[in-house]
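The block underneath contains the structure these notes are about, expressed in structure tokens.
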Amino acid sequence: MLQVNRSTPAGRLRRVLLGAAGSLVAVGLTSVTPAAASFQAAPVLAAPALQGPEHHLTVTVRNAGGSGTDGAFELTCHPTGGDHPDAAGACAVLDRGTRWGKDAFASAAQDTFCTMQYGGPATAHVTGTWAGRPVDARYDRTNGCEIGRWDRLVPLLPDVRAAGRRS
């Protein structure tokens, strides 16, 4: 059985805005402005800097089931620090998931089909700052989308898949 996250007005607005942005890009690509002039006028977009104090998170995990997995852990990246059990691995997974214009901590899209499976009682709450932006994200394992979202952030979040196989 599949669970359907209902489309929201915000989701519909996002699709309309993305379509409009694509149309503007298409119009801009077909303009008669000389290439050199448009190159000079175009702003340079860079990925967020991955250095500095804007990479500090608190990860609070409950009901993960393994020894040392539950609790609140501090994590800093660039440079790596804090009392997170795998700070280097956690920073690496966050770096791989950080893309310009993409929220590494985003929830599943509202119109996503999610399998109705249960991945256990584990929950996590991640707060702080990443790439200069505030983070306040909650995680659980209540359906296929949430399980996938959790698993993409292992080892920032504990690997509860291994704990479930031992039971």
Exercise for the section: Among residues belonging to the range 87-117 that are within 20 Å of Pro155 (Cβ to Cβ) and either polar (S, T, N, Q) or in contact with a helix residue (DSSP H, G or I) (Cβ under 9 Å, 6 or more places away or on another chain) (or both), point out the one that is surrounded by the most Cβ atoms within 10 Å (Cβ to Cβ). Expected result: Ala104
Problem - Subset of the range 64-82 (residues that are touching a Ser or Thr at 6+ places or on another chain (Cβ under 6 Å) and either in a loop (DSSP other than H, G, I, E, B) or open to solvent by less than 40 Å² (accessible area, probe 1.4 Å) (or both)) - result: Gly82
Fill in the blank from the handout: Note on Thr58: of the conditions (1) open to solvent by less than 70 Å² (accessible area, probe 1.4 Å); (2) at pLDDT below 75; (3) hydroxyl-bearing (Ser, Thr, Tyr), unmet is (2)
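The values are calculated or read from the model by the stated rules, or taken from the named source; none is laboratory data. Computed from a prediction, not measured in an experiment: that's the story for all the values here. Note that we place each Cβ from the backbone using ideal geometry, even for glycine, and neighbour counts take in every protein chain shown. To get the accessible areas, we keep the full protein, side chains included, count just its heavy atoms, and leave off ligands, DNA and RNA. Shrake-Rupley method; radii C 1.70, N 1.55, O 1.52, S 1.80 Å.
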